[in-house]
Amino acid sequence: MAAESTEALLVIDVQNDFCPGGALPVPGGDAVIPRINRMIGNADHVLLTQDWHPAGHRSFASSHPGRVPYDSVDMPYGLQVLWPDHCVQGSRGAEFHPALAATRAELVIRKGYNPAVDSYSAFFENDRSTPTGLGGYLRNRGIRRLALCGLATDFCVLYSALDALAEGFAVIVHEDACRGIDMNGSLAKALADMQAAGAILKRSSDDPR
Ligand code: VGL
Ligand code: ZN
């Protein structure tokens, strides 16, 4: 029997609300789905994240009278961008995009369910200390290397990549299977920060196939 593979594909937040027509649309968010589906078809293990907020979440601008989406506020754990209401638990916007080939996923990790703390990363909430459990799960399964794709490059992909590296996993970010929100240059900065932290940035056009 072949040794168990030590690599997993981690697909970040490919949900209706992050796609065109959704509450917090990432430009071209749905355009990466065919590429992600091909990656899923070739992956040994597939893991998905799902942004999963209770109604009235503190990261929603609507929870801060006088504030509007994309403002920033000081939260007990640091600066937090305020978002339009999105990915509310049980809503259609929180569902995976119907075109995503989600069937083979071995794990769906939900995040952002703490009403008072946002969670961009698949590993830690935005307080940077409350774990989601993903690190332990991956170590327990002998997974050492993660391929990342999904939405949004400059928020949930970025924080997941940085935390994965800090947790000792090798990280490949499939840049053209991600799309960013890009607030004030955040997309270029995210790519530079991930690379500086040790992530390998890869484009599918790099493949000979
Ligand atoms: C995300 C903002 C708020 C993301 C989630 O998936 O990148 N961004 N919640
Ligand atoms: Zn969110």
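The values are calculated or read from the model by the stated rules, or taken from the named source; none is laboratory data. Because the structure is a prediction, the values reported are computed rather than measured. Note that we place each Cβ from the backbone using ideal geometry, even for glycine, and neighbour counts take in every protein chain shown. Only protein heavy atoms, including side chains, enter the accessible area calculation; ligands, DNA and RNA are left aside. Shrake-Rupley method; radii C 1.70, N 1.55, O 1.52, S 1.80 Å.
Percent relative contact order of the chain, based on C-alpha pairs within less than 8 angstrom and at least six residues apart? Don't jump to the answer; show the numbers that get you there.
Numbers: 442 pairs, mean separation 47.8, N = 209.
Normalised by residue count, the contact order of the chain is 23 percent.
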inquiry  = Taking θ = phi - 60°, what integer Hz values does the Karplus form 6.51 cos²θ - 1.76 cosθ + 1.60 yield along segment 101-114, in sequence order, with x for Gly and Pro?
reply    = 7, 7, 4, 7, 4, 8, 8, 10, 9, 8, 8, x, 7, 6
request  = Positive end of the charge dipole of the chain (Lys, Arg +1 and Asp, Glu -1 on Cβ, about the Cα centre): tell me which of 158, 11, 143 has its Cα farthest that way.
outcome  = 143
key: Counted charge near residue 78, where neighbours are those whose Cβ lies closer than 13 Å (Asp, Glu -1; Lys, Arg +1)   = -2
ask   = How far is the Cα center of segment 22-101 from the Cα center of segment 117-170, in Å?
value = 15
note = Only helices counted: for the chain, with every DSSP H run of 4 or more residues adding -39500 (n - 2.57) and the sum spread over all residues, [θ] at 222 nm is -5000 deg cm²/dmol
remark   = Rounded to the nearest 10 Å², the accessible area of residue 104 using a 1.4 Å probe with every protein chain kept is 110
inquiry  = Quick check: residue separation of residue 37 and residue 192 times 0.36 nm, minus the Cα distance between them. What number comes out in nm?
reply    = 53.2 nm
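Residues of segment 9-127: accessible area per residue at 1.4 Å, in Å²? Let's see the in-between values first.
Details: 4860 Å² over 119 residues.
With the other protein chains kept in place, segment 9-127 gives 41 Å² per residue.
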note = Extend 7 Å from the Cα of residue 73 along its Cα-to-C-beta direction; within segment 119-133, residues with backbone N under 20 Å of that point are 119-121, 125-128
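Would you mind classifying segment 16-152 by shape? Square roots of the alpha carbon gyration tensor eigenvalues, ordered a ≥ b ≥ c; an a/c under 1.5 is rounded, otherwise it is prolate if a/b is larger than b/c and oblate if not.
Working: a/c = 2.28, a/b = 1.37, b/c = 1.67.
The shape class here is oblate.
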ask   = Given H placed on each backbone N at 1.01 Å, which residues far from residue 86 in sequence or on other chains put an amide H within less than 5 Å of it?
value = none
note = For the pair residue 130 and residue 106, the simple spin-label estimate (label points 7 Å beyond Cα toward Cβ) gives in nm 2.8
Interchain or long-range residues, amide H under 5 Å from residue 75's placed H = 80
